[in-house]
Amino acid sequence: MSLDRILSTTRVLVLAAVAVVAASLVAAPALADADAASYVAAIESAHGGAVYGAQQAVAAEIVVEFGGQTILQGTMLFDPAVSKVRMELVGGSVIVFDGADAWVAGPEVPRARFHVLTWPYFFAAPFKLDDPGTHVESLGKVAWRGDALPAVELTFGDGVGDSPDDWYVVYRDPSTHRLSGLGYIVTYGTSVEQAEAEPHAVSYDAYTEIGDGVSVATDWSFWNWNREEGLFGDPIGRATISNPRFTTPADDAFAAPAGATKIAAP
């Protein structure tokens with residue numbers, strides 16, 4: 001698998017095709033839309049969403065590895081809504097999303113716009129499941145880690161984000177209600193049909209608390225995945241978060257860096 005294709009497996013997003021759940025899974029009736037909304041609301045509450053949303057900004061160090069290579073390492077800074085992001089990478093590159101446009105300064109970063117929008121979103125996923133323009137619907141029980149868990153489908157309205165045709169299958173830990181993981185397709189730079197032929201998942205494997213009871217995932221694994229089998233094979237990638245923290249950003253933190261080049265949307 002090429003590095004470019006590997007990278008395309010990591011942008012979380014929203015469902016369009018009906019999958020056939022294997023007979024080995026425990027059958028369960030679909031929840032009503034109101035219950036699906038409660039499902040994701042419980043995830044946000046379990047992660048301390050009210051405290052998280054009151055902060056000015058979040059910062060953390062991040063290392064992302066795929067195919068035996070470190071594809072990204074540095075510090076990310078973003079507002080709680082992930083509407084503005086700054087990444088300072090090892091090697092001197094700076095990537096900024098200012099709320100409308102993406103910019104990169106310093107050494108060239110392949111797929112810079114993808115990076116600046118993807119990794120903060122994965123970090124903040126528990127707090128993004130009921131954003132404006134999203135829709136959730138119950139799927140009943142879906143395979144996950146050798147079991148079947150109640151799950152919901154998250155989709156986006158037209159024009160929401162860079163890739164509104166992406167989709168997620170959202171899994172919640174039944175005991176803690178924290179976000180256990182996401183199945184997803186990636187249509188960034190490809191078609192829906194191509195993306196749905198190769199769905200993937202991210203599992204959140206360890207958590208830490210910041211602030212007053214805000215729970216964030218610090219170890220992520222990326223997998224081959226489908227709805228019939230859940231996760232399968234060995235992890236195809238990992239991300240490690242260290243020193244997650246709330247902070248006050250500088251006034252110009254999310255402005256285009258000096259000498260930056262604008263990055264076109266896909």
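The values are calculated or read from the model by the stated rules, or taken from the named source; none is laboratory data. None of these values were measured; they are calculated from a predicted model. So basically every Cβ, Gly included, is an ideal-geometry build from the backbone, and we count neighbours across all protein chains shown. Note: accessible area is taken over every heavy atom of the protein model, side chains too, but ligands, DNA and RNA are not part of it. Shrake-Rupley method; radii C 1.70, N 1.55, O 1.52, S 1.80 Å.
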**Request:** Inspect the range 39-52 for any residue being free of Cβ contacts under 8 Å to residues at least 60 places away in the same chain and touching an Asp or Glu at 6+ places or on another chain (Cβ under 7 Å) and give the result as yes or no.
**Result:** no
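Filter the range 134-144 down to the residues that are open to solvent by 40 Å² or more (accessible area, probe 1.4 Å) and not charged (D, E, K, R), then identify the one that is farthest from the chain's Cα centre (by Cα).
L139
Give the residues of the range 145-181 that are surrounded by 24 or more Cβ atoms within 10 Å (Cβ to Cβ) and modelled with pLDDT of 90 or more, sorted by residue number. Write out each step before concluding.
Taking the range 145-181 first, the residues surrounded by 24 or more Cβ atoms within 10 Å (Cβ to Cβ) are 151-152, 154, 163, 166-171, 179, 181.
Across the range 145-181, the qualifying residues are A151, V152, L154, Y168, V169, V170, Y171, L179, G181.
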**Message:** Name the single residue that is farthest from F127 (Cα to Cα) among those in the range 208-233 being open to solvent by 50 Å² or more (accessible area, probe 1.4 Å) and more than 20 Å from the chain's Cα centre (by Cα).
**Reply:** G233
**Subset of the range 223-266 (residues that are in contact with an Asp or Glu (Cβ under 9 Å, 6 or more places away or on another chain) and without any contact (Cβ under 8 Å) to a residue 24 or more places away in the chain)** = W223
**Prompt:** In the range 75-112, what residues are among the basic types (K, R) and within 24 Å of Q56 (Cβ to Cβ)?
**Reply:** K84, R86
**Message:** Restricting to the range 99-133, count the residues that are more than 15 Å from A255 (Cα to Cα) and of a type in the set (A, V, I, L, M, F, W, C).
**Reply:** 11
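Does A250 meet the test of being farther than 25 Å from F127 by Cβ and open to solvent by 50 Å² or more (accessible area, probe 1.4 Å)? Full working, then the answer.
Numbers: farther than 25 Å from F127 by Cβ: no; open to solvent by 50 Å² or more (accessible area, probe 1.4 Å): yes.
It is false that A250 is farther than 25 Å from F127 by Cβ and open to solvent by 50 Å² or more (accessible area, probe 1.4 Å).
One line per residue, one yes/no per condition, for (1) more than 23 Å from G49 (Cα to Cα); (2) surrounded by fewer than 16 Cβ atoms within 10 Å (Cβ to Cβ):
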position	(1), (2)
Q73	yes, yes
A81	no, yes
V85	no, no
S93	yes, no
A102	yes, no
P110	yes, yes
Y121	no, no
**Residues (open to solvent by less than 40 Å² (accessible area, probe 1.4 Å) and under 14 Å from L179 (Cβ atoms)) located in the range 189-207** = A201, V202, S203, Y204, A206
